[in-house]
1. Report the full-extension gain for the segment T177 to E163: residue separation times 0.36 nm, less the Cα-Cα distance, to one decimal in nm.
2. Assigning unit charges at the beta carbon (Lys, Arg +1; Asp, Glu -1) and nothing else, what dipole magnitude in debye, to the nearest 20, does the range 1-138 show about its Cα centre?
3. Taking a spot 7 Å from the Cα of H18 along the direction of its beta carbon, which residues of the range 61-78 have an amide N less than 12 Å from it?
4. Pull out a ≥ b ≥ c, the square roots of the eigenvalues of the alpha-carbon gyration tensor of the range 78-152, then state rounded if a/c is under 1.5, prolate if not and a/b is larger than b/c, and oblate in the remaining case.
5. Pop a pseudo-label 7 angstrom from the Cα along the beta-carbon direction at both F26 and K53 and give the gap in nm to one decimal.
6. Which FRET efficiency value, to the nearest 0.05, is calculated for A153 and S45 with the Förster distance at 30 angstrom and r the Cβ-Cβ distance?
7. Per-residue ellipticity at 222 nm for the chain, helices alone: DSSP H runs ≥ 4 residues times -39500 (n - 2.57), over residue total, nearest 500 deg cm²/dmol?
8. Could you go through the range 101-116 in sequence order and give the Karplus-derived ³J(HN,Hα) for each residue, using 6.51 cos²θ - 1.76 cosθ + 1.60 with θ = phi - 60°, rounded to whole Hz, and x for Gly and Pro?
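Rule-based calculations on the coordinates, nothing more; no lab input. Computed from a prediction, not measured in an experiment: that's the story for all the values here. Reconstructed Cβ throughout: ideal geometry from the backbone, glycine too, with neighbour counts over all protein chains shown.
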Amino acid sequence: MKIEHTSLDGCYEIFPFHLKDHRGRFVKPYHRDDFREAGLDLTLSEEFYSVSKKGVLRGMHFQLPPKATIKGVTCLAGSIFDVVVDLRVDSPTYRHHFFVELNAEKGNMLYIPKGLAHGFCTLSDEAVVLYMCSEVYSPEHDTGIHWNSAGIAWPVKNPVVSEKDDELTGLDEFESTFRL
């Protein structure tokens with residue numbers, strides 16, 4: 001497993017164990033001991049995946065304390081433009097964002113600490129995205145910031161967005177309680 005720092009403190013791009021041969025691919029996106037050895041705390045409480053068509057944009061989501069969650073996100077099929085925004089007010093990268101293409105061929109993933117909003121848009125005809133979470137989904141703590149409020153140069157002109165995501169508050173209006 002190879003772990004690389006991103007421009008946001010505590011957020012990492014991870015290249016997990018990956019084998020490819022004439023039969024296909026074998027990828028191990030999570031290994032508790034490897035994560036712990038690297039100082040990454042991702043004790044899983046819940047996993048789920050989404051299936052999205054090309055041009056779909058999901059985000060920018062997070063859970064508020066005390067149900068804030070650490071996430072591991074990877075693309076199992078297809079490719080996505082994956083983005084995080086730092087909402088931790090005492091962070092040197094507060095309100096900055098980082099993006100990376102996650103795709104099934106590379107098998108890369110993003111480790112997202114508490115206090116970062118997460119979203120993505122689908123680049124391929126279809127993408128399957130796996131979310132590994134340290135907290136169970138809590139509807140009363142689930143929220144986000146508007147996808148078009150953080151200065152992100154999304155690679156789609158007219159994304160397909162849910163009504164819920166389109167009604168989220170903008171980054172300038174969000175009063176964060178997240179800390180490093």
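1. Details: separation 14, 0.36 × 14 = 5.04 nm, distance 2.53 nm.
Gain on stretching T177 to E163: 2.5 nm.
2. Once rounded to the nearest 20, the dipole reads 240 debye.
3. Within reach of a label on H18, which here means backbone N under 12 Å from a point 7 Å along Cα→Cβ, the range 61-78 contributes 75-76.
4. prolate
5. Roughly 3.7 nm, to one decimal.
6. The pair A153/S45 has a calculated efficiency of 0.35.
7. -1000 deg cm²/dmol
8. 7, 9, 8, 5, 5, 6, x, 6, 9, 10, 9, 10, x, 4, x, 10
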